[in-house]
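Values in this text are rule-based calculations from the coordinates and carry no lab data. Computed from a predicted structure; not experimentally measured. Cβ placement follows ideal geometry from the backbone for every residue including glycine, while neighbour counts extend to all protein chains displayed.
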Amino acid sequence: MCGIIGFTGYLDVKNVLLEGLEALEYRGYDSAGIAFFEQDGIKTIKTTGKVTNLCDKVEGTSINSTCGIGHTRWAKHGGVSYTNSHPHTFGNVTLIHNGIIENYHELETALAHQGKYPVSQTDTEIAAMLIDSLYDGDAIETIKKAIKQLEGAYAFCILFADQPDVIYCLRNGSPLVACKSKEGSVIASDMVALIKYSKEYFVLPELHIAKLTKDNIVVSNLEGAIIKPQMLFVKWDMTAARKGGYAHFMLKEIHEQPSSLRSTIMPRIRNGSLPDLTADGIPNEIFHGINRVLITACGTAMHAGLVGRVLLEKLLRIPVTVEIASEFRYQDPIMDESTLVITISQSGETADTLAALRLSNEKHAKTLSIVNVKGSSIARESNYVLYTHAGPEIAVASTKAYTAQLSCIYLLALQFALAKNAITEPECASFVSQLQSVTTAVENTLSLEKAIDEISSHLKETEDLFFIGRGLDYALSCEGSIKLKEISYIHSEAYAAGELKHGTLSLITEGVPVIALATQTNVYSKMISNIREVRARGAMVILVTNGEIAVDSSIYDYHIALPELDDLFAPFTTAVVLQLLAYYTTIHRGYNVDQPRNLAKSVTVE
Ligand code: F6R
């Protein structure tokens, strides 16, 4: 959601900013702009639409600058327009902003009393006006005064006209990461825009101010003390953030799953047989006294939680609930120190999940997060963190992060079950060996790609469809449905197959596609009955089974047989089929797979 890049140093800033914005395109945006210092002051170039439009605009100008800021905007306050796009300038101040200033209306009214009026409809311009109205030549003191008045989540990069080649940055809620290299100082909303300059970086702590000059980054807190931020290191490099020969990031990320699963699972297996999370700082003691688990997350990450619920309850025999984070945070949930709250997030910055985590911390629950982005807010604020080693996920639709989240939940469930003596070591070792075999099964599932492409071509003209399943297959139906609708724009719904008769069956008419997941033995015959129900009403059925099961061929149009796994592990292979189905359906419909309309990769506002 919105992208930020800032640079001051020894390179042509135009190239740094445009390349940075291209790297951040995946986050979702509808306008883009840059501002930079030139000999005669700050210049701004911005445009609606894609970064390529901005590149075209920039091409026609001669820019001689080594310091500037760039932004991709995802419209929130005010529609998509040239005027509303960032950077915004007021008086001495030019800035870019991610987040939402919640009290912008009150600030705007106060500024109007000083005879100051914005030209855009954005909360960002109000922030520029506020900072300019407070500016007395001391940027840091001004920013501190502004912080006292600003409410909401924000990340800012600010240029002051009378301080050439310096960038001031601050954040509250929205992420900012920074690094130093021999070429200069760089700051961005996420690591993919920094990796070109350094693998070593830091997260700007909340409510701290960073002053970037060509050779230095100084971070100070609100008391004025200079602090040394904790340096982090990423293992991946530029190639991980490129398509690497694939047509789209989503396809590349689907294909990366055997490797991301291996990287997530293998380092956590002791002597080839038992889970061991001690290197992650998760000792067995944390499970003592826990009598309830609460999983909270958003979207696909929440769907990983639905799988987690089935698994944890099966292994632990304690109640597990899954809560949508945006609901949970306003529900006054019941929890205490005997509750383990698991938050799941790829970005580690999702505003609702972060708020749910903070609430859980306040209520003294034990908090553990499963996160992909190192050093992200959710990771830092949880009592314990289990990182998914999926590498950067660029496509808006989450794929490899989801299966990596699943693998972390499986590891966690096994460790927890062992710690509680709910399973024996030999039982655990057998589960672990099956978990390890998932990587090969996922590899083999990928070889079904051509067949899935062919099946997807039959969904090209579809406007509504249904996913049905029971138990774990219901959790996977939810995931299959979101994946398909977010990128192919086909309306789809996930239904617990047993619920069909309670309403949805009325929507099943001749030719309506139903994707029926039947991988779970304990409910297999029930699923087959449900499939017969939709078939009798003319549904076009795509059946997914765990292994080559002989099924009456009159009940389906297309049959996808997954490589056979124990039922409990079928979510991994099922997920891959559903991802490919969503991908190829979107390709056949001709839409932008990696950047679906209206969606952003990292949702840092409510
Ligand atoms: C769907 C998707 C979203 C995210 C959700 C949470 O493909 O990617 O539903 O799963 O926005 O994001 P994170 O995991 O970053 O908290």
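How much space per residue, in cubic angstrom, does the convex hull of the C-alpha atoms of segment 475-606 take up? Spell out each step's value before the answer.
Numbers: hull volume 17.8 nm³, N = 132.
Roughly 135 Å³ of hull volume per residue.
Expressed as a rounded percentage, what relative contact order does segment 449-589 have, with Cα pairs under 8 Å and six or more residues apart?
Details: 261 pairs, mean separation 44.4, N = 141.
RCO, segment 449-589: 31 percent.
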Practice item. Please list the radius of gyration and Dmax for the chain, considering alpha-carbon atoms only, with Å as the unit. Key: 25.3, 79
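For segment 3-236, just run the numbers: alpha carbon Rg, then divide by 2.2 N^0.38 Å, N being how many residues it has. Provide the component values of the computation, followed by the final result.
Details: Rg = 16.2 Å, N = 234, 2.2 N^0.38 = 17.5 Å.
Scaled against compact globular proteins, the figure is 0.93.
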Exercise for review: Give me the distance between the Cα centres of segment 537-606 and segment 399-420, rounded to whole Å.
Suggested key: 22 Å
Check your understanding: Hey, what angle do you get for helix 472-488 against the long axis of the chain, alpha-carbon based, 0 to 90 degrees rounded to 10?
Key -> 50 degrees
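Per-residue ellipticity at 222 nm for the chain, helices alone: DSSP H runs ≥ 4 residues times -39500 (n - 2.57), over residue total, nearest 500 deg cm²/dmol?
Numbers: 17 runs with 210 residues, N = 606.
For the chain, the value works out to -11000 deg cm²/dmol.
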Review point. Using alpha carbons only, how many degrees (0 to 90, rounded to 10) separate the axis of helix 570-589 from the longest principal axis of the chain?
Key: 60 degrees
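What is the diffusion coefficient of segment 248-445 in µm²/s, taking the Kirkwood radius over Cα pairs and the Stokes-Einstein relation at 37 °C with a viscosity of 0.692 mPa s? Before the final figure, lay out the partial values.
Details: Rh = 16.6 Å.
The calculation lands on 197 µm²/s.
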Practice item. Anything over 21 Å Cα to Cα? Flag those among LYS43/LYS196; LYS14/LYS46; LYS180/LYS400; LYS485/LYS601; LYS182/LYS214, in the order listed. Key: LYS43/LYS196; LYS180/LYS400
Check your understanding: In a solvent-free Debye calculation with one equal scatterer on each Cα, what is log10 I(q)/I(0) for segment 474-537 at q = 0.16, 0.29 Å⁻¹, listed in the order of the q values?
Key -> -0.53, -1.38
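Arrange ILE324, ILE209, ILE227, ILE344 by Cβ neighbour counts within 10 Å, fewest through most, would you? Display every interim value, and only then the final one.
Working: ILE324 17, ILE209 24, ILE227 12, ILE344 34.
The most exposed by this proxy come first: ILE227, ILE324, ILE209, ILE344.
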Review point. Which value, in debye to the nearest 20, gives the size of the charge dipole of the chain about its Cα centre, when Lys and Arg are +1 and Asp and Glu are -1 at the Cβ?
Key: 520 debye
Review point. With axes computed from alpha carbons, what is the tilt in degrees of helix 400-419 against the longest principal axis of the chain, rounded to the nearest 10 within 0 to 90?
Key: 70 degrees
Practice item. Under 18 Å Cα to Cα from LYS501, which lysines show up? Leave out anything in the same chain fewer than 8 places away. Key: LYS526
